[in-house]
Amino acid sequence: MIIKEFISETNRNQVISILLKHYKVESVKVKTKSMKGHAHFNVDTGTLELSTRYKTIKTSQVKSFLITILHEINHAMDAKTFGWKKFKEMYEMEMNLQVTNDKDPYEDNKYEIQAEKFGQSMWKYWKTKFKKDGLM
Ligand SMILES: [Zn+2]
């Protein structure tokens, strides 16, 4: 029996591309870079920046990887729906609103809460599917 400890970079890239296509944000570019957080959707360039910690994914990282990707995809979906300029404005307004209310501009941000909910509710479905398809 072969126990997969790592997901190959090819499979990782395929997983990302399937997700982008499924959520109709296939124009999003993905790039790996060294960063503090897990990922960041750069609304100006339409680039999903992914931490180098996900260059090769260990099986123990699958959950956080999928939640992270789905979270950023949710931002990309909003950027597509509203147009990136408008979405950036909306996002900044929301940050200002939270700060005005003595809340955290990210933790209490409705777009962040929505994106996190999306990731949390969908990752298991995708993990099962990708496992079945031999990608994980
Ligand atoms: Zn976010």
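Evaluate the charge dipole of the chain about its Cα centre and quote only its size in Debye, nearest 20, assuming +1 on the Cβ of each Lys and Arg and -1 on the Cβ of each Asp and Glu.
Numbers: 24 positive and 17 negative charges, 165 e Å.
Computed about the Cα centre, the dipole is about 800 debye.
Hey, with R₀ at 25 Å, roughly what FRET efficiency would Lys117 and Lys33 work out to, going by the Cβ-Cβ distance, to 0.05? Write down the numbers at each step before the final one.
Details: r = 26 Å, r/R0 = 1.04.
Plugging the Cβ-Cβ distance into 1/(1 + (r/R0)^6) gives 0.45.
Would you pull out the residues with amide H under 5 Å of Asp108's amide H, same chain only if 5 or more places away, H placed 1.01 Å from N?
Residues meeting the criterion, in which the H sits 1.01 Å from N, do not exist here.
Using modelled backbone amide H atoms (1.01 Å from N, in-plane), which distant-in-sequence or interchain residues come within less than 5 Å of Thr32's amide H?
Residues meeting the criterion, in which the H sits 1.01 Å from N, are Leu50.
Over the chain, give the accessible area per residue in Å² for a 1.4 Å probe, as an integer. All intermediate terms of the calculation are to be shown ahead of the outcome.
Values: 8430 Å² over 136 residues.
With all protein chains present, the chain gives 62 Å² per residue.
Roughly what % antiparallel, to the nearest 5, for the DSSP beta bridges in the chain?
On the way: 6 of 11 bridges.
Of all bridge pairs located within the chain, approximately 55 percent are antiparallel.
Could you tell me whether the chain comes out rounded, prolate or oblate from its Cα gyration tensor? Rule is a ≥ b ≥ c as square roots of the eigenvalues, rounded for a/c under 1.5, then prolate if a/b exceeds b/c, otherwise oblate. Display every interim value, and only then the final one.
Values: a/c = 2.10, a/b = 1.85, b/c = 1.14.
Taking the square roots of the gyration eigenvalues as a ≥ b ≥ c, the chain is prolate.
Pull up the DSSP beta bridges for region 1-80 and report the antiparallel fraction as a percent, rounded to 5. Mind dumping the intermediate values first?
Working: 6 of 11 bridges.
Roughly 55 percent of the beta bridges in region 1-80 run antiparallel, per DSSP.
How tilted is helix 84-100 with respect to the longest principal axis of the chain? Cα atoms for both, answer in degrees (0 to 90, nearest 10).
70
With label points built 7 Å along Cα→Cβ from the Cα atoms of Asp133 and Lys88, find their separation and express it in nm.
Calculated label separation equals 3.2 nm.
The values are calculated or read from the model by the stated rules, or taken from the named source; none is laboratory data. Please read these numbers as outputs of a predicted model, since none were measured by experiment. Note that each Cβ is placed from the backbone with ideal geometry, even for glycine, and that neighbours are counted across all protein chains shown. Each accessible area value is taken on the protein alone, full model and side chains, heavy atoms only, with ligands, DNA and RNA left out. Shrake-Rupley method; radii C 1.70, N 1.55, O 1.52, S 1.80 Å.
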